[in-house]
Amino acid sequence: MIKIFKGIKGIYNLLIMNEEESLEQLKNAILEGNPNKAIEFVEKSIKIGIPVKEILNRAILKGAEEAGKLYEEDEYFLPDLLMTGDAINAATEILKNSLSGKSEIESKGIILIGTVEGDIHDIGKSLVVSILRGQGFEIVDLGSDVPPEEFLRKAKEINPNLIGLSGLMTMSISKMVETVNLLRSENIQSRIIVGGGILSKESCEMIGADDFAKDGWEGIKKIHNLIKI
Ligand code: B12
């Protein structure tokens, strides 16, 4: 009996070790900016049954955060950041397939989304788009570096239930202010959510958005709530 128990415990430990090891290797691949290795360890992590959300939060976002810190500390330079971006992109492309399983349900609402003008970061926004599509929302993605006037033009055309503005840089906050001001001054009634690691309750209030999200999963919940109202 004790032997069986020890055996089960051994297998359990091995699985946990495998899980930790695989996520650590994936994080390192992101930091090294190695897309092939990143793909290898995303696939391995999926194979051993690690949930997509864990893969994203415990390896990919951690790697992105560490790369950002190294950049701030002048240990990494723009080419390093570019390589890290490529590795994040490669890793998230695979996750998107798992996240956007075709939804048979009818549309839950129309969402217009884009990264604000002056900001080309679009990996996180594209990930949020994949999740939302998988959950049955109709998405119009304007891409990155989107001028306020373009958000306005498209909002008038499609009358979305919600508009999502993405931005990863501090200077993107003022563009969000400008975009929201323009939309509201032209009487666009859609709910507005802003997303990105730089945001806070205070900046959200300053921007005049209905809500904000520093994290995609939290953002998805908030979008559901905003669209219900
Ligand atoms: C990869 C990367 C790049 C890539 C971007 C590739 C691409 N196509 O996106 C490249 C190399 C091109 C790049 C360029 C630059 N970058 Co850069 N970059 C990063 C890095 C390392 C990772 C970003 C990333 O992809 N994260 C992974 C994704 C999955 O997470 P995410 O984007 O945060 O998205 C999540 C949430 O924010 C949220 N979310 C995002 N959008 C939305 C929208 C909605 C509606 C919702 C609900 C949620 C939501 O959900 C997502 C999932 O959880 C960050 C560091 C960091 N900590 O973020 C720096 C970082 C953002 N970059 C930075 C800088 C300074 C730059 C440059 C100015 C560098 C330079 N000297 O040129 C340029 C910017 C050029 C420009 N005009 O935009 C700074 C910004 C600092 C600041 N506070 O202003 C950071 C924070 C690095 C740092 N610590 O200094 N970068």
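Couple of notes before you dig in:
- Yes/no for ARG153 being assigned by TED's automatic domain parsing to the domain that holds ILE192, surrounded by fewer than 15 Cβ atoms within 10 Å (Cβ to Cβ) and either part of a helix (DSSP H, G or I) or on the phi < 0 side of the Ramachandran plot (or both): yes
- Meets criteria (within 9 Å of the ligand (Cβ to nearest atom), among the charged types (D, E, K, R) and out of contact with any Ser or Thr (no Cβ under 9 Å at 6 or more places or on another chain)) for GLU157: no
- Selection count where residues are of a type in the set (A, V, I, L, M, F, W, C) and either under 21 Å from LEU61 (Cβ atoms) or assigned to a loop (DSSP other than H, G, I, E, B) (or both), scope the range 174-209: 7
- Hey, ILE131 at pLDDT below 90, in the same structural domain as ARG184 (by TED's automatic domain parsing) and within 10 Å of the ligand (Cβ to nearest atom) or not: yes
- Positions within the range 171-197 being buried (at least 18 other Cβ atoms within 10 Å of the Cβ) and within 10 Å of the ligand (Cβ to nearest atom), in sequence order: SER172, ILE173, ILE192, ILE193, VAL194, GLY195, GLY196
- Residue check, GLY49 farther than 30 Å from GLU157 by Cα and more than 6 Å from the ligand (Cβ to nearest atom): yes
- For beta carbons closer than 6 Å, sequence separation of 6+ or different chains, a first residue in the range 190-201 that is in the same structural domain as MET169 (by TED's automatic domain parsing) and a second that is among the polar types (S, T, N, Q) and part of a strand (DSSP E or B), the qualifying pairs are GLY195/SER166; GLY196/SER166.
- Flag for ASP210 being in contact with a Gly (Cβ under 7 Å, 6 or more places away or on another chain) and without any contact (Cβ under 8 Å) to a residue 40 or more places away in the chain: no
- Which numbered condition TRP217 fails, given (1) of a type in the set (Phe, Trp, Tyr); (2) surrounded by fewer than 16 Cβ atoms within 10 Å (Cβ to Cβ); (3) more than 16 Å from the chain's Cα centre (by Cα): (3)
- From the options PHE137, PHE77, residue that is among the aromatic types (Phe, Trp, Tyr) and more than 10 Å from the ligand (Cβ to nearest atom): PHE137
The values are calculated or read from the model by the stated rules, or taken from the named source; none is laboratory data. In this text, all values refer to a predicted model and were calculated from it rather than measured experimentally. Don't worry about glycine lacking a Cβ; one is built from the backbone with ideal geometry, like all the others, and counts go over all protein chains shown.
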